[in-house]
Amino acid sequence: YLVTGTATAPDNQTVTAACSLTTVKPKVEIDVKADAPSVDKKIVEGNNKVAANTASIGDAVNYEITSKVPNMKGYTKYYFVMHDTLSKGLTFNEDMTITVGSKTLTKDTDYTLTVTKNEDGTTSLKIVFKNFIQYTNGDAITVKYSATLNQDADLTQTGNTNEVTLVYSNNPNQEGAGVDEPNPNDPVGKTPKSVTKTYATGLKLTKQDGNRNKLTGAKFEIKGEGMKVVLVNKEMYKPSESGTYYMLKDGTFTTTAPSGDVNWNDDKYDSTTTKYEKVTVVTKETMPAQINATGYVAGNGVLTFEGLGEGTYTITELVAPNGYNLLKDEITININANATLNGCIWTVKKGENALAVDGNLYAFTVVNQAGTELPSTGGIGTTVFYVVGGLLVAVAVVLL
C-alpha cells in the first residue's frame, strides 16, 4: 500500500508525507513524521556566528544562510526558493556564493539570483535553485554574502534587519505548474523568517562657553583606529580633485570658488585648494579604514558623528571659536555594546564618565574658555621672548 498523511511540523508548518506499507496485520498505526525543511541565518564575525552585532557606516557585515536537502521521496519535482530581505540601511555587495554538499554552485546554471530595490528602500534577493530534485537528502546547503552598512542606517533599537524565508514543495501528489519556482496556485510550504540585526549609534557634540552659550566655528577631527566611521555634518562630502564644492569655516559647503584675493573673501574658506565631491551613497570606498575626518560645528553649536559601532575614538579640536582658547587635550570616547535580537545595550563613555542618550545619539558638551592663553613651550610666544631677550643682551654688550 502507498499511504499519504499530513502532520504539523515545528512553527505550524503543514507537511504531507508518503509511506510505503507492507503488512498482513488487521490493524496498523502509521505516524507521519513532520520532517519539514528549515532555514537559518547568522552574522559571521571571525570564528563566531551571531544573530545580532554592531557596525559602523561603511563596514561590511558577513552573512551565512544554512539549510539542508530535505527528504524528497515520492517527488519527481521539488521547489526550493529562498527570499531574503535587507533593510534600507544595508547595501548588497554582489558577492554571493552557494554550496550544496561538496559542490559549489554556478550562478545562472545551478541557481538564479534576482536583486530588487524596493520603493521603501529595502532590497529583496530571490534565490531559485534549479533542478533541485537532483541533490542528496541531508546534504548541507550554505549561502554566503556580505552587505555594507550605509548612510540610511537605522540608529534606533529597531536596528538594521536582514531576514530570510524558504519556500518549498510540500505535497508529492501535486507537482505544480512551475519549472523551478512555484506559480501562485502551486502547493508549497513556507518557513518562518530567520532574522539578524546590525546596530549602530552616534555621538552629539555640543560646543559652548563657560556661561553655557552655544559657540560655532570650532573645527574638530575624529579618528577611529581600524573603524570605518562617517562624519555627518548636514551633507556628506569627500575630497576629490574633480569636485565642485569648497568647505567654509562655518561648516557649510559652497560651489563658489575662492577669488584668489586673501583680503576679500578667501579667509572664509577652510582651504582654498581642497575640493569636495558631494556623496549621496556611502560605500566601502567612501571612507578609509584609518579614519581622519574633520568638520566644523554648525550654527546651532552642534556637530554629530553618526553611524558608529564598537570601538575607541579620539576627537581633537583643531580650530577654536574666535576669542576662545583651543582645547589642549584629546577627547577619548569608548563605545561598547551588547547586541541581541531584542535590542542593543550601549555603554558609551567619555573618559570614565558614561554619556546619556539624546534621541538616538550619545551627547556630551565641550567647553571653550574665553581669554588669552600663555605662550606654550615651543610656540610663537616663546620666540618673541627669545628675540626681545637677545636684543637686551646685545644692548648690554654695547653699553659695557
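Counting heavy atoms of the protein chains alone, THR254 has an accessible area of about 30 Å² for a 1.4 Å probe. Peptides 338-344, 198-204, 146-152, ordered by how many other C-beta atoms sit within 10 Å of their residues on average, highest first, read 198-204, 146-152, 338-344. Quick one: of LYS238/LYS268; LYS223/LYS278; LYS103/LYS197; LYS278/LYS328; LYS197/LYS238; LYS49/LYS223, which pairs are farther than 27 Å apart, Cα to Cα? Check vs 27 Å cut-off fails for LYS103/LYS197; LYS278/LYS328; LYS197/LYS238; LYS49/LYS223.
What is the mean projected area of the alpha carbon convex hull for the range 91-237, to one decimal in square nanometres?
Details: hull surface 57.1 nm².
Mean projected area of the Cα convex hull: 14.3 nm².
Please list the equivalent ellipsoid semi-axes of the range 170-221, computed as the square roots of five times the alpha-carbon gyration tensor eigenvalues, in descending order and whole angstrom. Walk me through the intermediate numbers first.
Values: eigenvalues 806, 28, 16 Å².
For the range 170-221, the semi-axes come out at 63, 12, 9 Å.
Looking at the P(r) of the range 122-176, how many percent of alpha-carbon pairs lie beyond 16 Å? List each step's numbers first, then the result.
Numbers: 954 of 1485 pairs.
So the pairs more than 16 Å apart make up 64 percent of the total in the range 122-176.
Backbone geometry of the range 49-54 corresponds, through the Karplus equation with coefficients 6.51, -1.76 and 1.60 at θ = phi - 60°, to 3J(HN,Hα) couplings of 10, 10, 8, 8, 8, 10 Hz, x marking Gly and Pro.
Among the protein heavy atoms, those of LYS193 account for about 130 Å² of accessible surface (1.4 Å probe, every chain in place).
The values are calculated or read from the model by the stated rules, or taken from the named source; none is laboratory data. In this text, all values refer to a predicted model and were calculated from it rather than measured experimentally. So basically every Cβ, Gly included, is an ideal-geometry build from the backbone, and we count neighbours across all protein chains shown. Calculation scope for accessible area: heavy atoms of the full protein, side chains included, ligands and nucleic acids excluded. Shrake-Rupley method; radii C 1.70, N 1.55, O 1.52, S 1.80 Å.
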